[in-house]
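Notes to accompany the following structure.
Throughout, read-outs are computed from the coordinates displayed, never taken from laboratory work. Predicted model, so just to flag it, every value in this text is computed and none were measured. Glycine also receives a Cβ, built like all others from the backbone with ideal geometry; neighbour counts cover every protein chain displayed.
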Amino acid sequence: MATFLDNLDWRCAEKAFDPAKKVSDSDLAKILHAIKMSPSSFGMQPYHFYVVSDQATKMKLKEKGYNQQQFEDASHVIVFCGRDDLKDRVNTYFEMASGGDATKRAAMKGYEDMMTGFAEGKQGEAAMSWAHRQAYIAFGFAMAACAELMIDSCPMEGLDTAAFDQILNVPANTKTVAALTIGYRKDVPHMPKVRFTDEDLFTKI
Ligand SMILES: Cc1cc2nc3c(=O)[nH]c(=O)nc-3n(C[C@H](O)[C@H](O)[C@H](O)COP(=O)(O)O)c2cc1C
């Protein structure tokens, strides 16, 4: 099977999905696993993901996504959200890491205190902005997984995030940042890729 690196020129931000072609449950599971296994700062995983295949919900997202056709025609829409309940995340993290064993947890106290201090230092907008940056790493992992599987995707920020929160009924500590539409391309011509030069992009020191 071709790898992610083999498929870099093949992948694109797909505009025209074939609505008849659906991503299989087993491929979807692989993409969600890539999202799950993506790294986050401290491993805090301050995010949540909505995986939408329900057509009526996709149509509502389309309306609040500047009517971009991908929301209607893609097989699934994965909505990436950050969450700002960072102290709760730290607590859950250490409950899991220690397996509920108080002695093991005590041995990790230094690290837990450091993470708690970090979480306390990030309030309101700063916490959500940090959480959204973590979510974007998972966003990249999801696109890479799709590319390796030769599943088309389109990263999408052209959407009303507050309206998405309402449609998906997300809790107050969670906010949408972007969406990834996934599926299979129609057989139509694609725009050529435009990339700045290596000299523009890279400085080797
Ligand atoms: C964060 C982000 C947001 C984007 N939002 C949209 C969008 O709302 N609609 C869309 O059609 N493309 C969107 N794009 C796709 C970009 O326009 C596209 O990735 C870029 O032009 C490069 O083309 P390529 O991905 O086909 O190589 C977005 C891309 C990124 C990374």
Just to be sure I understand: with springs between alpha-carbon atoms less than 10 Å apart, which residue in Ser26, Ser129, Ser153 has the highest mean-square fluctuation in the Gaussian network model of the chain? Ser26
Within a Cβ distance under 14 Å of His76, other residues only, what is the Lys/Arg minus Asp/Glu net charge? -3
Using only alpha carbon pairs under 8 Å that are at least six residues apart, calculate the relative contact order of the chain and give it in whole percent. 35 percent
Can you give the FRET efficiency to the nearest 0.05 for Phe202 and Leu5, using r as the Cβ-Cβ distance and R₀ = 25 Å? 0.90
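Relative contact order of region 1-75: what whole-number percent is it, with Cα pairs under 8 angstrom and at least 6 residues apart?
48 percent
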Which order do peptides 65-72, 5-12 fall in by mean Cβ count within 10 Å, highest first? 65-72, 5-12
Cα radius of gyration and Dmax for region 40-147 (Å): 17.6, 54
Under 5 Å, built H, 5+ apart or other chain: amide partners of Tyr47: Arg83
Radius of gyration, Dmax [the chain; alpha carbons; angstrom]: 19.1, 61
Which residue, Thr103, Val90, Leu8, has the largest displacement toward the positive end of the dipole of region 1-104 when charges sit on each Cβ (Lys, Arg +1; Asp, Glu -1)? Val90
Calculate, in whole percent, how much of the Cα-Cα pair population of region 78-135 lies beyond 15 Å. 52 percent
Say each of Arg133 and Lys30 gets a label point 7 Å from the Cα, pointing the same way as Cα to Cβ; how far apart are those two points in nm? 3.2 nm
Size of charge dipole - region 69-191 - debye, nearest 20, with Cβ of Lys, Arg +1 and Asp, Glu -1, no other charges: 320 debye
Please arrange Glu14, Glu148 by how many other C-beta atoms lie within 10 Å of their C-beta, fewest to most. Glu148, Glu14
Taking the alpha-carbon distance from Lys64 and a cut-off under 20 Å, which aspartates and glutamates remain once sequence neighbours fewer than 8 residues away in the same chain are dropped? Glu14, Asp54, Glu72, Asp73, Glu157, Asp160, Asp165
What is the sum of charges, Lys and Arg at +1 and Asp and Glu at -1, for the other residues whose Cβ falls under 13 Å from the Cβ of Trp10? -2
Computed [θ] at 222 nm, deg cm²/dmol, the chain (DSSP H ≥ 4; -39,500 (n - 2.57); rounded to nearest 500): -14000 deg cm²/dmol
Please list, in order along region 76-85, the HN-Hα scalar couplings obtained from phi with the Karplus expression 6.51 cos²θ - 1.76 cosθ + 1.60 (θ = phi - 60°), rounded to whole Hz, x for Gly and Pro. 9, 10, 9, 9, 9, 10, x, 9, 10, 8
Going by the alpha-carbon gyration tensor, a ≥ b ≥ c the square roots of its eigenvalues, is region 158-200 rounded (a/c under 1.5) or, if a/c is not under 1.5, prolate (a/b greater than b/c) versus oblate? oblate
Among the helices of the chain (complete DSSP H runs), which have Cα atoms covering no less than 20 Å along the helix axis and a Kyte-Doolittle mean of at least 0.5? 124-149
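Assuming 1.002 mPa s and 20 °C, estimate D for region 98-167 with Stokes-Einstein, Rh taken as the Kirkwood radius over Cα pairs, in µm²/s.
Translational D for this selection: 137 µm²/s.
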quick note, the chain, DSSP beta bridge pairs, % antiparallel (nearest 5) is 95 percent
